[in-house]
Amino acid sequence: MSQAKIQQPMQPPIQPPTQPGALTIAALILAGGQSQRFDYSDKGLIPFLNKPMIAHVIERIAPQVTSISINCNRNSTEYQSIYADYYRNMDIQPGLVESEARSTTLSLTTAPACFKDKSESPLQGPLAGIASFLDYGDSDTIFICSCDMPMIPHDIVQQLFSAMSQSGADASYPVDEKGHHHLALLIKRSAAVNALQPLLAASEVENSPLEQKTKKHSIKNWLNQINTQQILVSSHSIGFADINSMTEMALIEQKTQR
């Protein structure tokens with residue numbers, strides 16, 4: 001069972017005894033959903049402040065991690081192009097940071113820049129993408145976020161890493177008065193893999209209704225099996241706002257321009 005605790009906001013973030021740079025932190029951006037509330041448009045590719053939402057996410061998290069992969073079940077060419085454009089504009093070769101990490105750690109089987117859910121996976125929703133990603137590489141820690149958080153903080157990985165280091169937890173994510181932001185998650189790879197096993201076992205039960213499977217496959221159920229440390233953030237912040245409609249997107253764009 002989860003042993004979730006809440007840590008008060010860190011302003012500025014307290015430096016942990018071991019810096020994230022000493023680890024390999026692989027980032028996974030989830031862009032594989034159907035985007036029903038966006039009329040099934042591919043949400044990550046929808047323009048926000050004149051560029052695709054996922055481009056904002058990449059720009060904000062890339063400096064904080066050693067690699068980025070995108071879980072996308074359609075339009076992989078477009079996602080691959082946005083990914084490559086970021087590194088080209090920054091004059092960085094994709095995977096260079098991870099290659100340097102590889103020289104001083106165990107060899108990595110690098111995840112592809114863009115990948116689909118595995119067709120044989122019994123999991124549904126975000127966990128299908130997460131499970132597929134866990135088959136790649138051996139990075140110590142994984143940062144998981146959604147493609148619809150274009151204002152995610154530039155220091156979110158440091159904040160979550162600090163919370164994990166100080167508490168001894170295996171995962172950390174933000175909470176506010178409105179709820180839990182499960183898809184801005186830093187988690188140890190070993191804990192992520194171990195917590196998936198009972199969900200995979202439950203999913204293999206024959207004739208399990210789709211609705212029942214979807215409930216079992218929730219991020220909440222997965223995290224309930226992990227020792228987590230929550231960090232408290234302001235509900236007025238747009239940093240963790242996930243955009244679920246054109247109206248929400250317009251409101252957040254207005255807030256960024258004030």
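Where a number appears in this text, it was derived from the coordinates with a stated rule and is not lab data. If you're wondering where the values come from, they're calculated on a predicted model, not measured in any experiment. Positions of Cβ are backbone-derived with ideal geometry, glycine not excepted, and every protein chain shown enters the neighbour counts.
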Taking a 25 Å limit on the Cα-Cα distance, which of the listed pairs K116/K188; K43/K220; K178/K220; K188/K255; K51/K118; K51/K188 fall beyond it?
K188/K255; K51/K118; K51/K188
Modelling each spin label as a point 7 Å along the Cα-to-Cβ direction, I'd like the K118/Q80 distance in nm, to one decimal.
2.1
At 20 °C and a viscosity of 1.002 mPa s, what translational diffusion coefficient does Stokes-Einstein give for the stretch 118-164, taking Rh as the Kirkwood radius over Cα pairs? Give it in µm²/s as a whole number.
167
Ranking request for peptides 113-120, 218-225: highest mean number of other beta-carbon atoms within 10 Å first, then the rest in descending order.
218-225, 113-120
Measure off 7 Å from each Cα along the Cα-to-Cβ vector at Q257 and D138, then give the distance between these two points in nanometres to one decimal.
5.0
